[in-house]
Amino acid sequence: MYSPINEQGVVYLFGLIANDLNIRVESIQQGYPDCTAIKYVGKGRWERINIEFEFKNSNFDHDPDKCDVLVCWEDNLQDSKRDTLKGLEIIELQSIIGTPEVPDIPLKDPEKEIEKKSEYDLEYHFKRKKTTKKIQELYQELDEEIRKIDDSIWVKYARTAITYYSPEKMFVYMRLRKDSLAMNIFTDQEKIESVRNIKDHENWGKISLKNKEQMPLVISAIQRSFKLIKEAIKDNKNTGWYALTPRDVEHVDDESV
């Protein structure tokens, strides 16, 4: 209902969700590029980036070497042009709005809404689902193994999940259960051992961890997921939860992670 209809709408929407994308805008100006910002890349480090806005990214006709991120509502690039923009990160807003990474913002009654600020940390997640000591220990071991994959990986504690970044994009979405760790990982439609496909979201798969015996398979799957997300970013592929594939039907349902 409230989707943008032009480039100005893209700029406004990006401003609303930039914080969810771990980006802080420094300036928006006329001329190319449209925006200067800093992006969190993990380990306490921020990286300065140049951003260009387009309603459809097929309209992009600038020097890609002078830009780092192309933000659009619709990613409709032809493969021939996509190859010329390798190294330029593409953020398609319509595929990430309403996902765990960028949740929808519900309409609220300003007179009745009471602002509550909460700090979400690991202890919060342990208590939230009354996680057993066994699963807590499994999580700590798995967390250590994930961080060993690459020094750039960092973790974000949200209200309902724990997410791991590559560092550019999320590739593991984890929910703690009382007796298991439930994860969605990026697969880029590749079949990975012990990972189940997710209907209508072919770029992502499900895997869970309940005991130490499963740890090697889970770690192997996450290692593969990390490699796939890095390759996808390099090739300017859409990695979002709602990213369409050639086999997708026109309608995508509202199944949530």
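The values are calculated or read from the model by the stated rules, or taken from the named source; none is laboratory data. This is a predicted model, so every value here is computed, not measured. Reconstructed Cβ throughout: ideal geometry from the backbone, glycine too, with neighbour counts over all protein chains shown.
Considering (1) within 13 Å of Tyr32 (Cβ to Cβ); (2) loosely packed, with under 14 Cβ neighbours inside 10 Å; (3) among the charged types (D, E, K, R), the lone condition that Asp79 does not fulfil carries the number (1).
In region 78-97, the qualifying residues are those that are more than 13 Å from Asn238 (Cα to Cα) and in a helix (DSSP H, G or I), and the one that is nearest to the chain's Cα centre (by Cα) is Leu85. Taken over region 36-48, the criterion of being farther than 19 Å from Ile153 by Cβ and out of contact with any Phe, Trp or Tyr (no Cβ under 6 Å at 6 or more places or on another chain) is satisfied by Thr36, Ala37, Arg48.
The set of residues in region 126-168 that are hydrophobic (A, V, I, L, M, F, W, C) and free of Cβ contacts under 8 Å to residues at least 24 places away in the same chain contains only Val155. In region 58-65 there is no residue matching the filter, namely being outside any loop (DSSP other than H, G, I, E, B), farther than 30 Å from Asp151 by Cβ, touching a residue at least 12 places away in the same chain (Cβ under 8 Å) and of a type in the set (Phe, Trp, Tyr).
Restricting Ile146, Ile185 to residues that are at negative phi and in a strand (DSSP E or B) narrows the list to Ile185.
Residue pairs whose Cβ atoms lie under 9 Å apart, sitting 6 or more positions apart in sequence or on different chains, and linking a residue in region 81-109 that is more than 12 Å from Leu13 (Cα to Cα) to a partner that is acidic (Asp, Glu) and in a helix (DSSP H, G or I), are Gly87/Asp65; Leu88/Asp65. Candidates in region 158-177 are the residues that are surrounded by fewer than 18 Cβ atoms within 10 Å (Cβ to Cβ) and at pLDDT below 90; of these, the one that is nearest to the chain's Cα centre (by Cα) is Ala158. List the number of the failed condition for Val71; all other conditions in (1) under 15 Å from Tyr12 (Cα atoms); (2) modelled with pLDDT under 90 hold. Val71 satisfies every listed condition except (2).
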